[in-house]
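A.B. asks: Got a structure for you, questions after.
The values are calculated or read from the model by the stated rules, or taken from the named source; none is laboratory data. What you see is a predicted model, and the numbers here were worked out from it, not measured in a lab. Note that each Cβ is placed from the backbone with ideal geometry, even for glycine, and that neighbours are counted across all protein chains shown. We work out accessible area using only protein heavy atoms, side chains counted, and drop any ligands, DNA or RNA first. Shrake-Rupley method; radii C 1.70, N 1.55, O 1.52, S 1.80 Å.
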Amino acid sequence: VRARVMQVEESPDVGYEDIGGLHDQLQEVRETVELPMENPDIFDTVGIDPPSGVLLHGPPGTGKTMMAKAVAAQTDATFIKMAGSELVHKFIGEGAKLVRDLFQVARDHEPAVVFIDEIDAIASKRTDSKTSGDAEVQRTMMQLLSEMDGFSERGDIRIIAATNRFDMLDRAILRPGRFDRLIEVPHPDEDGREKIFQIHTRGMNLAADVDFTELAEETDGSSGADVKAICTEAGMFAIRDDRDEVTMADFRNAYDKLTNDDEEPDVSRT
Ligand code: ATP
């Protein structure tokens, strides 16, 4: 069961240089996660507890997982990921047990960065529904909070959670000593997109006319994951055309294709 719901990476291969934009966000993550791991004494000296948990919130595909991985790589920590959605729809007691397992694995792999994606799945505001599942979800969350209490003073396990439904969260998890550092991870701006284009084309054979400043200008609203997809799709256009260089037109066509795919009729809308 463990292998299915938990992803353990001893040494993730993501570096800060792989992340485009997000300077302030990255600095905050480093300060709250990296600093306590690398220099726990400084918190003792100053006489404060390091922040307990970090919550990254923002739209999908903006680099939240990447940042958590990069900080684990930087601190030579094991990266342990679990999705909140994996913890629900379980039998009674199983969600809480998985949370206990998660922290046991983290202790076995210290230093470790525990990343809980889709935390909203176990920490949503209580709804009106009276389904018995709610109580189970509640128990899972209580277990998570109690595990967090257990190591708040120590630097060798750090916990990062992520959500793209911040508005849905139960405010109880944001209290001091819990996820008390909130970091918003927005879509990249133009400069960020330019940087992300550069990152994801590092290994690509580019024609001389490719201009990332212009592409960044033309792809407003794209996430980092979208930019990555545009680069891959641009390469596919070149391959289909039997060319070994990727041109500016390929990138533009890729963007058009991916944007139009998104606009396929939505059946939920009338
Ligand atoms: P989700 O909420 O869907 O889990 P996320 O915010 O965790 O999304 P990631 O999984 O970190 O997003 O990003 C998906 C992929 O998109 C990354 O593996 C990376 O290739 C690319 N990407 C996203 N943001 C950036 C960025 N700022 N710089 C470089 N690449 C990015």
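A.B. asks: Of all residues in region 108-123 being within 25 Å of Asp170 (Cα to Cα) and either out of contact with any helix residue (DSSP H, G or I) (no Cβ under 8 Å at 6 or more places or on another chain) or among the acidic types (Asp, Glu) (or both), which is farthest from the ligand (Cβ to nearest atom)?
C.D. replies: Restricting attention to region 108-123, the residues satisfying the condition of being within 25 Å of Asp170 (Cα to Cα) are 113-123.
The next check asks that each one be either out of contact with any helix residue (DSSP H, G or I) (no Cβ under 8 Å at 6 or more places or on another chain) or among the acidic types (Asp, Glu) (or both); those that pass are 117-118, 120.
On the way: Asp117: 5, Glu118: 8, Asp120: 11 Å.
Result: Asp120.
A.B. asks: List pairs: first in region 11-38 and of a type outside the set (Phe, Trp, Tyr), second open to solvent by less than 40 Å² (accessible area, probe 1.4 Å) and at pLDDT below 90, Cβ under 6 Å, 6+ apart or cross-chain?
C.D. replies: Final answer for the pair search is Thr32/Pro51; Pro36/Pro50; Pro36/Gly155; Met37/Gly155.
A.B. asks: Could I ask something else about it? Can you pull out the residues in region 7-34 that are out of contact with any helix residue (DSSP H, G or I) (no Cβ under 6 Å at 6 or more places or on another chain) and farther than 20 Å from Val185 by Cα?
C.D. replies: Those that are out of contact with any helix residue (DSSP H, G or I) (no Cβ under 6 Å at 6 or more places or on another chain) and farther than 20 Å from Val185 by Cα: Gln7, Val8, Glu9, Glu10, Ser11, Asp13.
A.B. asks: Go over the candidates Lys64, Lys69 one by one and state the one that is within 9 Å of the ligand (Cβ to nearest atom), of a type in the set (D, E, K, R), open to solvent by less than 40 Å² (accessible area, probe 1.4 Å) and modelled with pLDDT of 90 or more.
C.D. replies: Numbers: Lys69 fails: open to solvent by less than 40 Å² (accessible area, probe 1.4 Å).
Of Lys64, Lys69, the one residue that is within 9 Å of the ligand (Cβ to nearest atom), of a type in the set (D, E, K, R), open to solvent by less than 40 Å² (accessible area, probe 1.4 Å) and modelled with pLDDT of 90 or more is Lys64.
A.B. asks: Go through region 72-107 and count every residue that is open to solvent by less than 10 Å² (accessible area, probe 1.4 Å) and within 16 Å of the ligand (Cβ to nearest atom).
C.D. replies: Matching residues across region 72-107 total 6.
A.B. asks: While we're here: Could you check region 143-199 and list, in sequence order, the residues that are open to solvent by less than 70 Å² (accessible area, probe 1.4 Å), within 14 Å of the ligand (Cβ to nearest atom) and within 16 Å of Lys64 (Cα to Cα)?
C.D. replies: Within region 143-199, Ile160, Ala161, Ala162, Thr163, Phe166, Ile183, Val185, Pro186, Pro188, Gly192, Arg193, Ile196 meet the criteria.
A.B. asks: Here's another thing I want to ask about it. List pairs: first in region 223-234 and among the acidic types (Asp, Glu), second open to solvent by less than 40 Å² (accessible area, probe 1.4 Å), Cβ under 6 Å, 6+ apart or cross-chain?
C.D. replies: Pairs found: Glu233/Ala254.
A.B. asks: Only helices (runs of 4 or more DSSP H) wholly contained in region 19-99 count here; list those with 2 or more residues that are of a type in the set (Val, Ile, Thr). Don't jump to the end; show me each part of the working.
C.D. replies: Working: elements: 23-29, 35-38, 40-46, 64-74.
Counting at least 2 such residues, we get 40-46, 64-74.
A.B. asks: Still on this structure, please answer the following. What number goes with the only condition from (1) within 16 Å of the ligand (Cβ to nearest atom); (2) under 15 Å from Arg158 (Cα atoms); (3) exposed (fewer than 14 other Cβ atoms within 10 Å of the Cβ) that Val33 does not pass?
C.D. replies: Result: Val33 fails condition (3) only.
A.B. asks: Does region 250-261 hold any residues that are open to solvent by 50 Å² or more (accessible area, probe 1.4 Å), under 18 Å from Phe212 (Cβ atoms) and touching a residue at least 12 places away in the same chain (Cβ under 8 Å), and which are they?
C.D. replies: Of the residues in region 250-261, the ones open to solvent by 50 Å² or more (accessible area, probe 1.4 Å) are 252-253, 255-257, 260-261.
Those still in the list that are under 18 Å from Phe212 (Cβ atoms) too: 252-253, 255-256.
Within region 250-261, Arg252, Asn253, Tyr255 meet the criteria.
A.B. asks: Shifting gears a bit: Does region 200-218 contain any residue that is within 17 Å of the chain's Cα centre (by Cα) and open to solvent by less than 70 Å² (accessible area, probe 1.4 Å)? Full working, then the answer.
C.D. replies: First, the residues of region 200-218 that are within 17 Å of the chain's Cα centre (by Cα): none.
No, every residue in region 200-218 fails to be within 17 Å of the chain's Cα centre (by Cα) and open to solvent by less than 70 Å² (accessible area, probe 1.4 Å).
A.B. asks: Out of the residues in region 1-30 that are aliphatic (A, V, I, L, M) and modelled with pLDDT under 90, which is farthest from the ligand (Cβ to nearest atom)? Lay out the reasoning, then the answer.
C.D. replies: The first filter runs over region 1-30 and keeps only residues aliphatic (A, V, I, L, M), leaving 1, 3, 5-6, 8, 14, 19, 22, 26, 29.
From the residues that got through so far, the ones that are modelled with pLDDT under 90 too are 1, 3, 5-6.
Details: Val1: 22, Ala3: 20, Val5: 16, Met6: 16 Å.
The residue in question is Val1.
A.B. asks: Right, something else. Out of curiosity, is Asp49 open to solvent by 50 Å² or more (accessible area, probe 1.4 Å), in contact with a Ser or Thr (Cβ under 9 Å, 6 or more places away or on another chain) and either at pLDDT below 90 or within 8 Å of the ligand (Cβ to nearest atom) (or both)? Walk me through it before giving the result.
C.D. replies: Working: open to solvent by 50 Å² or more (accessible area, probe 1.4 Å): yes; in contact with a Ser or Thr (Cβ under 9 Å, 6 or more places away or on another chain): yes; either at pLDDT below 90 or within 8 Å of the ligand (Cβ to nearest atom) (or both): yes.
For Asp49, the condition - open to solvent by 50 Å² or more (accessible area, probe 1.4 Å), in contact with a Ser or Thr (Cβ under 9 Å, 6 or more places away or on another chain) and either at pLDDT below 90 or within 8 Å of the ligand (Cβ to nearest atom) (or both) - is met.
A.B. asks: Can you tell me which of (1) modelled with pLDDT under 90; (2) crowded, with 18+ Cβ neighbours inside 10 Å; (3) β-branched (Val, Ile, Thr) is the one Thr127 doesn't meet?
C.D. replies: With respect to (1) modelled with pLDDT under 90; (2) crowded, with 18+ Cβ neighbours inside 10 Å; (3) β-branched (Val, Ile, Thr), Thr127 is out only on (2).
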